[in-house]
Amino acid sequence: DALIYHHPRGSWRLPWQHIAHVQQLELQGRELAWVGVRLHSYDALLETIPLRLAVRLLIEQRAVLIAAAGGACPTGRCAGDYLADATEFRTAQRQYKGVQAMFGQRMANLRQLLQADLLIPADFKDCSAQEFSQFINRQRLNFTQENNG
């Protein structure tokens, strides 16, 4: 009934109804070693993610964000601008501060640059990132059809 991500610093859990789509990430036509998760709303994650995990993910995903932002500043925002720490972050339901605000802002930046809110490293032993994404999307679709149909 959910996608669960386990990490040495903690785990997050997202019920299927909060996930819009999962896909292997690409940048300029090149497949990245990351799977992107697009959410319907940030609140389900921001309210439950362990702060230690959020901090670690901010660090681990930094290089992907910099690569996605590029170096030429074509939109007026340079890569470093996307790394600025947010002190506050607001969703439709709530205002966040501290680590939650930083993580919320990171998700918004990732969405702008890569059309994904969360990143999962694609270091799977049993399948490719593409196969993993397809499997997760099928699980999400099956759950939605069984519970809304």
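The values are calculated or read from the model by the stated rules, or taken from the named source; none is laboratory data. If you're wondering where the values come from, they're calculated on a predicted model, not measured in any experiment. Reconstructed Cβ throughout: ideal geometry from the backbone, glycine too, with neighbour counts over all protein chains shown. Surface areas here come from the heavy atoms of the whole protein model, side chains and all, with no ligands, DNA or RNA. Shrake-Rupley method; radii C 1.70, N 1.55, O 1.52, S 1.80 Å.
Do any residues in the stretch 110-121 that are among the polar types (S, T, N, Q) have Cβ atoms under 8 Å from those of residues that are open to solvent by less than 10 Å² (accessible area, probe 1.4 Å), where the two are at least six apart or on different chains, and which pairs are they? Note: pairs meeting the criteria are GLN115/GLY36. Name every residue in the stretch 30-74 that is over 20 Å from ASP85 (Cα atoms) and open to solvent by less than 70 Å² (accessible area, probe 1.4 Å), in order of residue number. Residues satisfying the conditions are LEU32, ALA33, TRP34, VAL35, GLY36, VAL37, LEU39, SER41, ALA44. Among the residues making up the stretch 100-128, those that are open to solvent by less than 60 Å² (accessible area, probe 1.4 Å), closer than 15 Å to ARG38 by Cα and part of a helix (DSSP H, G or I) are PHE103, GLY104, GLN105, ARG106, MET107, ALA108, ASN109, LEU110, LEU113, LEU114.
What are the pairs, 6+ residues apart or on separate chains, where a residue within the stretch 96-107 that is within 16 Å of ARG52 (Cβ to Cβ) has its Cβ under 8 Å from a residue that is open to solvent by less than 40 Å² (accessible area, probe 1.4 Å) and of a type in the set (S, T, N, Q)? Listed pairs, sorted by first residue: ARG106/GLN61. Checked against the criteria, LEU65 does not count as modelled with pLDDT of 95 or more and either hydrophobic (A, V, I, L, M, F, W, C) or not in a loop (DSSP other than H, G, I, E, B) (or both).
Each row is one residue, and each column tells you yes or no for (1) touching a helix residue (DSSP H, G or I) at 6+ places or on another chain (Cβ under 6 Å); (2) assigned to a helix (DSSP H, G or I); (3) not aliphatic (A, V, I, L, M).
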{"position": "SER11", "(1), (2), (3)": "no, no, yes"}
{"position": "GLN17", "(1), (2), (3)": "no, yes, yes"}
{"position": "ALA44", "(1), (2), (3)": "yes, yes, no"}
{"position": "THR48", "(1), (2), (3)": "no, no, yes"}
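Checking each residue in the stretch 1-28 for being farther than 16 Å from VAL64 by Cβ and open to solvent by 60 Å² or more (accessible area, probe 1.4 Å) picks out ASP1, ILE4, HIS6, PRO8, ARG9, ARG13, GLN17, HIS21.
Looking only at residues of the stretch 75-98 that are of a type in the set (A, V, I, L, M, F, W, C) and either surrounded by 14 or more Cβ atoms within 10 Å (Cβ to Cβ) or farther than 13 Å from ASP43 by Cα (or both), we find that the one that is modelled with the lowest pLDDT is ALA79.
Taken over the stretch 129-143, the criterion of being open to solvent by less than 50 Å² (accessible area, probe 1.4 Å) and out of contact with any Phe, Trp or Tyr (no Cβ under 6 Å at 6 or more places or on another chain) is satisfied by ALA129, SER133, ILE136, ASN137.
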